[in-house]
Amino acid sequence: MNYQSEWLRVEPIIGSRRLSNFCWACIILLGALGFFFVGISSYFGKDLIPFLSSQQILFVPQGIVMCFYGIAALFLSFYLWCTILWNVGSGYNQFDKKEKTVCLFRWGFPGENRRISIRFSMKDIQAIRMEIQEGIYPRRIIYMKIKGQQDIPLTRIAENLTLREIEKEAAELARFLRVSIEGF
């Protein structure tokens, strides 16, 4: 939910806590446990989970490979659950006309640099740029052009905004900042 007044505009950024990430983490966890338990069941010679049969699987080499894939997928699932727990990538974009500053804040992985905050002056903003690529995997991203620096992305690559939504968002931001829009 965006907040905008005459002097302040705050855009929240959704991080790792997305429905798709929850779904993938659950699917990978269930698959990992299935592979691991079928591999272990082939070692013991009896099914540890009734609906996962391991009667046709020899422990060497198939059971060992299934255990290995299960353990590898458990690590991947653990990583996904940690990013969801820590909400990596979430934050906000704050545009303050009174202080004439822009603050881009994101949460990173735990550690020394968990808080990622970039501040700069509004007078350094040259334009708002849109990058639109259509095709099988469409890419619609809003960038902020800064004097003497690389363009800073304001929307995440994974956000699948429609063309109308991205144009509206870019136009509102450019109107608020009183800069031009590039890429129409």
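The values are calculated or read from the model by the stated rules, or taken from the named source; none is laboratory data. This one's a predicted model, so the numbers in the text were calculated from it and none came from an experiment. All Cβ positions, glycine included, derive from the backbone under ideal geometry; neighbour counts span all protein chains shown.
Taking segment 134-153 as the range and being more than 15 Å from Val102 (Cα to Cα), surrounded by 14 or more Cβ atoms within 10 Å (Cβ to Cβ) and at pLDDT 90 or above as the test, only Ile142 passes. Taken together, the residues in segment 173-184 that are at pLDDT 90 or above and touching a strand residue (DSSP E or B) at 6+ places or on another chain (Cβ under 8 Å) amount to 7. Based on this model, can you work out whether Gly63 counts as in a loop (DSSP other than H, G, I, E, B) and either surrounded by 17 or more Cβ atoms within 10 Å (Cβ to Cβ) or of a type in the set (Ser, Thr, Tyr) (or both)? Considered against the rule, which asks whether it is in a loop (DSSP other than H, G, I, E, B) and either surrounded by 17 or more Cβ atoms within 10 Å (Cβ to Cβ) or of a type in the set (Ser, Thr, Tyr) (or both), Gly63 comes out as no. A single member of Val102, Val38 is crowded, with 17+ Cβ neighbours inside 10 Å, of a type in the set (A, V, I, L, M, F, W, C) and in the same structural domain as Met144 (by TED's automatic domain parsing), and it is Val102.
Only one entry of Ile14, Ile49, Ile27, Ile57 meets the criterion of being in contact (Cβ under 8 Å) with a residue 60 or more places away in the chain and not basic (Lys, Arg), and that entry is Ile14.
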